[in-house]
Amino acid sequence: MQRFQIVSVAAMAASLMLVLPAGAQQSGTMQGSGMMGGLVMPRMDPVAGRHLFASKGCVVCHSINGVGGTDAPNLDASTMKMPMDPFDFAAKMWHGAPAMIAMQNNELGAQIQFTGQELADIIAFVHDPMEQKKFSEADIPESIKKHMEGD
Ligand code: HEC
(Lines give C-alpha, C1' and ligand atoms only; values in the text may rest on other atoms or scores of the structure.)
Protein backbone atom coordinates (compact mmCIF):
# COMPACT_ATOMS: atom_id res chain seq x y z
CA MET A 1 0.00 0.00 0.00
CA GLN A 2 2.70 2.38 1.12
CA ARG A 3 4.76 1.38 -1.87
CA PHE A 4 1.82 1.83 -4.23
CA GLN A 5 1.30 5.37 -2.97
CA ILE A 6 4.92 6.23 -3.57
CA VAL A 7 4.72 4.86 -7.08
CA SER A 8 1.54 6.76 -7.83
CA VAL A 9 3.05 9.98 -6.50
CA ALA A 10 6.04 9.41 -8.74
CA ALA A 11 3.70 8.77 -11.67
CA MET A 12 1.84 11.98 -10.91
CA ALA A 13 5.06 13.92 -10.73
CA ALA A 14 6.13 12.44 -14.05
CA SER A 15 2.85 13.33 -15.72
CA LEU A 16 3.06 16.84 -14.26
CA MET A 17 6.46 17.26 -15.83
CA LEU A 18 4.87 16.53 -19.19
CA VAL A 19 2.28 19.21 -18.61
CA LEU A 20 4.40 21.81 -16.87
CA PRO A 21 7.02 22.85 -19.40
CA ALA A 22 4.61 25.00 -21.43
CA GLY A 23 3.41 26.87 -18.33
CA ALA A 24 6.84 27.01 -16.74
CA GLN A 25 8.32 28.31 -19.94
CA GLN A 26 5.67 31.02 -20.11
CA SER A 27 6.31 32.37 -16.63
CA GLY A 28 10.04 32.09 -17.29
CA THR A 29 9.56 34.22 -20.38
CA MET A 30 7.60 36.84 -18.40
CA GLN A 31 10.34 37.00 -15.79
CA GLY A 32 12.93 37.06 -18.51
CA SER A 33 11.37 40.15 -20.06
CA GLY A 34 11.29 41.78 -16.63
CA MET A 35 7.60 41.50 -15.80
CA MET A 36 8.09 43.11 -12.39
CA GLY A 37 10.83 45.49 -13.42
CA GLY A 38 9.01 46.19 -16.68
CA LEU A 39 5.98 47.80 -15.06
CA VAL A 40 5.91 51.57 -15.15
CA MET A 41 3.55 53.91 -13.34
CA PRO A 42 2.29 56.61 -15.67
CA ARG A 43 2.73 60.29 -14.94
CA MET A 44 -0.63 61.43 -13.52
CA ASP A 45 -1.62 64.93 -14.59
CA PRO A 46 -4.75 66.41 -12.96
CA VAL A 47 -4.87 69.37 -15.38
CA ALA A 48 -5.03 67.02 -18.38
CA GLY A 49 -7.52 64.97 -16.36
CA ARG A 50 -9.82 67.96 -15.92
CA HIS A 51 -10.07 68.34 -19.70
CA LEU A 52 -10.45 64.60 -20.27
CA PHE A 53 -13.17 64.24 -17.65
CA ALA A 54 -15.23 66.64 -19.76
CA SER A 55 -14.11 65.73 -23.28
CA LYS A 56 -14.40 61.95 -22.77
CA GLY A 57 -17.95 62.44 -21.51
CA CYS A 58 -17.66 61.30 -17.86
CA VAL A 59 -19.29 64.64 -17.06
CA VAL A 60 -22.48 63.61 -18.87
CA CYS A 61 -23.39 61.36 -15.92
CA HIS A 62 -20.99 62.28 -13.09
CA SER A 63 -20.61 65.73 -11.56
CA ILE A 64 -17.55 67.33 -10.01
CA ASN A 65 -17.69 70.70 -8.25
CA GLY A 66 -21.43 70.76 -8.95
CA VAL A 67 -20.86 70.59 -12.73
CA GLY A 68 -22.20 67.59 -14.62
CA GLY A 69 -24.95 65.00 -14.75
CA THR A 70 -26.74 63.52 -11.77
CA ASP A 71 -27.45 60.06 -13.21
CA ALA A 72 -24.42 58.59 -11.42
CA PRO A 73 -22.56 59.18 -8.12
CA ASN A 74 -20.64 62.48 -8.01
CA LEU A 75 -16.87 62.10 -8.21
CA ASP A 76 -15.85 64.94 -5.93
CA ALA A 77 -12.46 64.42 -4.32
CA SER A 78 -14.12 64.85 -0.91
CA THR A 79 -15.98 61.56 -1.48
CA MET A 80 -12.83 59.62 -2.42
CA LYS A 81 -10.75 57.44 -0.19
CA MET A 82 -7.51 59.26 0.56
CA PRO A 83 -4.67 58.60 0.15
CA MET A 84 -5.64 57.06 -3.13
CA ASP A 85 -4.61 53.81 -4.71
CA PRO A 86 -5.31 54.33 -8.43
CA PHE A 87 -6.00 50.63 -8.84
CA ASP A 88 -8.81 50.88 -6.28
CA PHE A 89 -10.39 53.55 -8.45
CA ALA A 90 -10.03 51.38 -11.56
CA ALA A 91 -11.57 48.49 -9.60
CA LYS A 92 -14.55 50.68 -8.68
CA MET A 93 -15.02 51.52 -12.35
CA TRP A 94 -14.84 47.84 -13.20
CA HIS A 95 -17.47 47.13 -10.55
CA GLY A 96 -19.77 49.78 -12.03
CA ALA A 97 -18.92 48.85 -15.62
CA PRO A 98 -22.04 46.89 -16.61
CA ALA A 99 -24.42 49.71 -15.66
CA MET A 100 -22.03 52.38 -16.88
CA ILE A 101 -21.46 50.86 -20.32
CA ALA A 102 -25.16 50.19 -20.86
CA MET A 103 -25.85 53.85 -20.06
CA GLN A 104 -22.99 55.07 -22.24
CA ASN A 105 -24.30 53.10 -25.21
CA ASN A 106 -27.68 54.60 -24.55
CA GLU A 107 -26.72 58.22 -23.92
CA LEU A 108 -23.50 58.65 -25.92
CA GLY A 109 -24.09 56.02 -28.60
CA ALA A 110 -20.93 54.09 -27.70
CA GLN A 111 -18.75 52.93 -24.85
CA ILE A 112 -16.14 55.53 -23.84
CA GLN A 113 -12.61 54.47 -24.84
CA PHE A 114 -9.43 55.73 -23.20
CA THR A 115 -5.75 54.90 -22.98
CA GLY A 116 -4.02 54.03 -19.73
CA GLN A 117 -2.44 57.48 -19.72
CA GLU A 118 -5.82 59.16 -20.14
CA LEU A 119 -7.31 57.13 -17.31
CA ALA A 120 -4.30 57.97 -15.11
CA ASP A 121 -4.91 61.68 -15.75
CA ILE A 122 -8.64 61.37 -15.03
CA ILE A 123 -7.89 59.54 -11.77
CA ALA A 124 -5.45 62.30 -10.79
CA PHE A 125 -8.17 64.90 -11.39
CA VAL A 126 -10.78 62.93 -9.44
CA HIS A 127 -8.48 63.00 -6.39
CA ASP A 128 -7.30 66.61 -6.64
CA PRO A 129 -9.58 69.05 -4.75
CA MET A 130 -7.63 72.14 -5.90
CA GLU A 131 -7.92 71.23 -9.58
CA GLN A 132 -11.60 70.33 -9.10
CA LYS A 133 -12.34 73.87 -7.85
CA LYS A 134 -11.41 75.09 -11.35
CA PHE A 135 -13.86 72.76 -13.06
CA SER A 136 -16.72 74.65 -14.72
CA GLU A 137 -19.21 74.51 -17.60
CA ALA A 138 -16.55 76.24 -19.71
CA ASP A 139 -14.52 72.98 -19.65
CA ILE A 140 -17.26 71.05 -21.44
CA PRO A 141 -16.90 70.93 -25.25
CA GLU A 142 -20.03 71.51 -27.36
CA SER A 143 -19.89 67.94 -28.68
CA ILE A 144 -20.37 66.68 -25.12
CA LYS A 145 -22.82 69.41 -24.03
CA LYS A 146 -25.29 68.24 -26.64
CA HIS A 147 -25.56 64.89 -24.83
CA MET A 148 -26.38 66.67 -21.58
CA GLU A 149 -29.29 68.71 -22.83
CA GLY A 150 -32.74 67.40 -22.09
CA ASP A 151 -31.52 65.08 -19.34
C1 HEC B 1 -23.65 57.38 -19.46
C2 HEC B 1 -23.39 57.59 -18.06
C3 HEC B 1 -21.99 57.43 -17.52
C4 HEC B 1 -20.82 57.90 -18.06
C5 HEC B 1 -20.63 58.67 -19.35
C6 HEC B 1 -19.75 57.52 -17.15
N7 HEC B 1 -20.30 56.87 -16.07
FE8 HEC B 1 -19.27 56.22 -14.44
N9 HEC B 1 -21.00 55.43 -13.70
C10 HEC B 1 -22.25 55.55 -14.27
C11 HEC B 1 -23.21 54.85 -13.43
C12 HEC B 1 -24.71 54.75 -13.69
C13 HEC B 1 -22.49 54.34 -12.34
C14 HEC B 1 -23.03 53.52 -11.17
C15 HEC B 1 -22.93 52.07 -11.56
C16 HEC B 1 -23.38 51.15 -10.44
O17 HEC B 1 -23.63 51.62 -9.33
O18 HEC B 1 -23.48 49.96 -10.74
C19 HEC B 1 -21.10 54.71 -12.55
C20 HEC B 1 -20.08 54.38 -11.67
C21 HEC B 1 -18.80 54.89 -11.75
C22 HEC B 1 -17.80 54.73 -10.74
C23 HEC B 1 -17.97 53.99 -9.42
C24 HEC B 1 -18.52 54.97 -8.43
C25 HEC B 1 -18.69 54.39 -7.07
O26 HEC B 1 -18.86 55.19 -6.13
O27 HEC B 1 -18.66 53.16 -6.92
C28 HEC B 1 -16.68 55.38 -11.15
C29 HEC B 1 -15.37 55.50 -10.40
C30 HEC B 1 -16.98 55.95 -12.45
N31 HEC B 1 -18.27 55.64 -12.78
C32 HEC B 1 -16.11 56.69 -13.21
C33 HEC B 1 -16.38 57.15 -14.50
C34 HEC B 1 -15.41 57.81 -15.35
C35 HEC B 1 -13.97 58.10 -14.97
C36 HEC B 1 -16.05 58.10 -16.51
C37 HEC B 1 -15.46 58.71 -17.76
C38 HEC B 1 -14.34 58.01 -18.35
C39 HEC B 1 -17.43 57.64 -16.38
N40 HEC B 1 -17.58 57.07 -15.14
C41 HEC B 1 -18.42 57.80 -17.34
C42 HEC B 1 -22.56 56.21 -15.43
C43 HEC B 1 -21.65 56.79 -16.26
Yes/no for Asp121 being in the same structural domain as Glu137 (by TED's automatic domain parsing), touching a Leu at 6+ places or on another chain (Cβ under 7 Å) and modelled with pLDDT of 95 or more: yes
Filter result for Gln104 (part of a loop (DSSP other than H, G, I, E, B) and either modelled with pLDDT of 95 or more or under 27 Å from Gln132 (Cβ atoms) (or both)): no
Looking for something within 14 Å of Met148 (Cβ to Cβ), in contact with a strand residue (DSSP E or B) (Cβ under 7 Å, 6 or more places away or on another chain), without any contact (Cβ under 8 Å) to a residue 60 or more places away in the chain and more than 8 Å from the ligand (Cβ to nearest atom) - is there at least one such residue anywhere in region 70-77? yes
Determine which single condition Asn105 fails, assuming it passes every other condition in (1) touching a residue at least 24 places away in the same chain (Cβ under 8 Å); (2) within 9 Å of the ligand (Cβ to nearest atom). (1)
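Given the residues Ser136, Ser143, which is the only one that is more than 12 Å from the ligand (Cβ to nearest atom) and within 15 Å of Gly49 (Cα to Cα)?
The match here is Ser136.
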Of the residues that sit in region 78-95 and are more than 10 Å from the ligand (Cβ to nearest atom) and surrounded by 15 or more Cβ atoms within 10 Å (Cβ to Cβ), which one is nearest to His127 (Cα to Cα)? Met84
Count of residues meeting criterion [over 22 Å from the mean Cα position of the chain (by Cα) and polar (S, T, N, Q)] in region 112-146: 2
Restricting to region 53-69, count the residues that are outside any helix (DSSP H, G or I), more than 6 Å from the ligand (Cβ to nearest atom) and under 13 Å from His147 (Cα atoms). 2
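The values are calculated or read from the model by the stated rules, or taken from the named source; none is laboratory data. This one's a predicted model, so the numbers in the text were calculated from it and none came from an experiment. When we count neighbours, we look across all protein chains shown, and the Cβ atoms used for this are built from the backbone with ideal geometry, even at glycine.
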